[in-house]
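Trainee: Questions regarding the structure given below will be posed in turn.
Only the coordinates and a few stated rules stand behind these numbers; no lab work does. Everything numeric here is computed off the predicted structure, so don't read it as measured data. Note that we place each Cβ from the backbone using ideal geometry, even for glycine, and neighbour counts take in every protein chain shown.
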Amino acid sequence: MTFELRDKDLLGRIGRLKTKKGQIETPAFMPVINPLKQIISPSEMYYDFGCKIIITNAYIIKKNFKNFPAIDIHEFLNYPGVVMTDSGAYQILVYGEIDLTQEEIINFQKNISTDIGVILDIPTGWDLPRAEVETTVRETLRRAEEAISLIKDHEALWVGPVQGGRHLDLVSESAKKISKMPFQIHALGSPTEVMERYMYSVLVKMIMTAKLNLPPNRPLHLFGAGHPMIFSLAVALGCDLFDSASYALYARNDRYLTPRGTIRLEKLNFLPCNCPVCSKLTAHELREKIKSERELLLLKHNLHACMTEIRKIKQAISEGSLWNLVEIRSRGHPALVSALKTMTKYKNEIEEHASGFKGKGIFYSDHLSLANPNLVRYWKKLNKNYGRPQGINTLLLMKAPATTPYKENDEFKIFITELKPRISEKLHICFYAAPYGCIPSILSETFPLSQFEIANPIDQETMNITITKLIEYLEKSRHSSMILYRGEEKFDKKVEEVFIKTANNISAKQITIKEKNPWSIDELSKLNSKLEQLFATALA
Ligand SMILES: [Zn+2]
């Protein structure tokens, strides 16, 4: 097995990719190394930055060092880690075409002993008419087919790129067809311009379309992704590898990378980072450095920022909080919030792959948290597995207490103890709470209901979804009598409205009891007497 899965959360995973040079842990960011000019050496990246994999351009090496009979890329770069080589496809994207055949560039990558090689695909780019996009997809697939005999039995891992750009039907076709070929890694081509234009929603659709049509046991590389602000999103959607020169390009233009976006050096009054560069300097001192020194320092910071974010993502995967991290990062830019909204359209697919409980509770901020896979999973399970217990016809729907787990709430425990058994055995007790809707008390000690924090007051979208889910459960469980025990807030009034309406729809008897402090001992004791009266008369 080339790729071994170690842990997962959402579609993101921690994996081990085995190459002939050794194994690397994914997700991994690989800095692009210019073979002609390096500001910091690849070995410094390996030892001081933890870059265990880098990428360089085989085409540029071949053009400039053609008289070297046998180059070993690791010796050439003096780098002890894993080296991936790009084929010159990027130069095709920029210059239209290159003066090498696929066979030449594949053989060259083999000769320089690359660990991960790429076929000579045709990147789709951004602004092409549909007919030309179709050509890039067809030609990439034809070349992939042609490459199979060239790479067969070669010890490097080979990458089969997916093209199609923003044309999702073509991305899907491209992914399906290349899946059938014996590549060990796939890559999504052409997202660079999409990212440069901050079209992260389009990026989400492109990645999800590719991901859902590619074999899950092969890593997915996102070409040209090099900003820490999008790593968590891309990992959450199933990308395992990233490469970019942006750490260096941004440094050249006096730009400082942070996981919340890019800051121009002249706007930087403080250095919000603890890397070796930022902990030794002030923003003012950094600005005052001469250009070459400043560029070097910024480059180092930018690379640290990328590597640190990858480590944060791995920690989030291991503790099951990747969704939280994606939510936090998405607040850094409205385009990322749009991406998160687009991501919610794939909530079912994401939930199917999400890990189960890892000990981390849900933090619910607002409607952007609605696609949290733990919530989606709760609704699916509730719908499929739970309803009115057999032989019980009366529902007691209570406003949820303020502390979780609800069943362990002190006031609730007193209420239950005081309830006469002849009454309690006739009641199906449920709680209503945002954003879940209905929570049968029997489930209230299970995850995610037991470990859960919500920001109050809830927003309108959260209220709407809560109400929808509540109605679904009430309609499905069809009690003949329904008792609502509510508070006096706006949300409680809304619940009563739909409670009455639903009861009428299913022809159930209903009654509402409302209290200002429904969870005070006194009010609960009144509820107890009221239940006794009700069971003695109407509900008996
Ligand atoms: Zn720094």
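Trainee: How much FRET efficiency would the formula 1/(1 + (r/R0)^6) give for Q315 and S41, where r is the Cβ-Cβ distance and R0 is 30 Å, rounded to 0.05?
Mentor: Details: r = 28 Å, r/R0 = 0.95.
Efficiency, from the Cβ-Cβ distance: 0.60.
Trainee: Follow-up. In whole Å, how far is the Cα centre of the range 358-386 from that of the range 65-135?
Mentor: 44
Trainee: Report, ordered by chain and residue number, the aspartates and glutamates lying within cross-link reach of K205, taken as a straight Cα distance under 13 Å and ignoring same-chain residues fewer than 8 apart.
Mentor: Answer for K205, where 13 Å is the Cα cut-off: D169, E349, listed by chain and number.
Trainee: Could you tell me which Cys residues in the chain have no other cysteine's Cβ under 4.7 Å from their own Cβ, answering none if every one has a partner?
Mentor: By the Cβ distance rule, which asks for a partner under 4.7 Å, the isolated cysteines are C51, C239, C275, C306, C430, C438.
Trainee: Just grab the label-to-label distance for E103 and E293, each label 7 Å out from Cα along the Cβ direction, in nm (one decimal).
Mentor: 5.5
Trainee: Under a straight-distance cross-link criterion of Cα-Cα below 15 Å, which aspartates and glutamates are reachable from K501, leaving out those fewer than 8 residues away in the same chain?
Mentor: Qualifying aspartates and glutamates at Cα under 15 Å: E472, E475, D492.
Trainee: Starting from the Cα gyration tensor of the chain, multiply each eigenvalue by 5, take the square root, and state the resulting semi-axes largest first in whole Å.
Mentor: Over the Cα atoms of the chain, the semi-axes work out to 56, 26, 19 Å.
Trainee: Just flag the chymotrypsin sites (Phe, Trp or Tyr not before Pro) in the range 37-74 sitting in loop per DSSP whose Cβ has no more than 14 other Cβ atoms within 10 Å.
Mentor: F65
Trainee: Still on this structure: Quick check for you: which residues of the range 404-444 have the amide N under 14 Å from the point 7 Å beyond the Cα of F357 toward its beta carbon?
Mentor: 404-408, 442-444
Trainee: Say each of N111 and N34 gets a label point 7 Å from the Cα, pointing the same way as Cα to Cβ; how far apart are those two points in nm?
Mentor: For N111 paired with N34, the spin-label model returns 2.5 nm.
Trainee: Compute the FRET efficiency between S279 and Q533 as 1/(1 + (r/R0)^6), taking r as their Cβ-Cβ distance and R0 = 60 Å, and round to the nearest 0.05.
Mentor: 0.30
Trainee: So how far, in whole Å, is the C-alpha centre of the range 179-202 from the one of the range 1-17?
Mentor: So the separation of the two Cα centres works out to 19 Å.
Trainee: Nearest 5 is fine: what % of DSSP beta bridges in the range 362-536 come out antiparallel, could you say?
Mentor: 15
Trainee: Restricting the count to DSSP beta bridges whose residues both fall in the chain, what percent are antiparallel, rounded to a multiple of 5?
Mentor: 30
Trainee: Now for a separate question. Could you give the distance between the Cα centres of the range 467-520 and the range 426-456, to the whole Å?
Mentor: 15
Trainee: Over the range 280-410, consider all pairs of different Cα atoms and compute the Kirkwood hydrodynamic radius from their mean reciprocal separation; express it in Å, one decimal.
Mentor: Taking every pair of different Cα atoms in the range 280-410, averaging 1/r and inverting gives 19.0 Å.
Trainee: How long is the gain from T262 to E496 if the chain were fully straight, where each residue apart is worth 0.36 nm and the alpha carbon distance is subtracted?
Mentor: Length difference between fully extended and current span is 79.4 nm.
Trainee: Now, a different point. Roughly speaking, what is the stretch gain from A455 to N253, that is 0.36 nm per residue apart minus the C-alpha to C-alpha distance, in nm to one decimal?
Mentor: Values: separation 202, 0.36 × 202 = 72.72 nm, distance 4.01 nm.
Going from the current span to full extension adds 68.7 nm.
Trainee: Further question on the same structure: So how do 334-344, 214-224 stack up, highest first, on mean other-Cβ count within 10 Å?
Mentor: Highest to lowest by the protection proxy: 214-224, 334-344.
Trainee: Could you work out how far apart the two model spin labels at K380 and D7 are, taking each label as a point 7 Å from the Cα in the direction of the beta carbon, and quote it in nm?
Mentor: Modelled inter-label distance: 2.3 nm.
Trainee: I would also like to ask the following. So between Y198 and N64, what do we pick up on full extension, going 0.36 nm a residue minus the alpha carbon distance?
Mentor: Numbers: separation 134, 0.36 × 134 = 48.24 nm, distance 3.45 nm.
Stretched out fully, the Y198 to N64 stretch lengthens by 44.8 nm.
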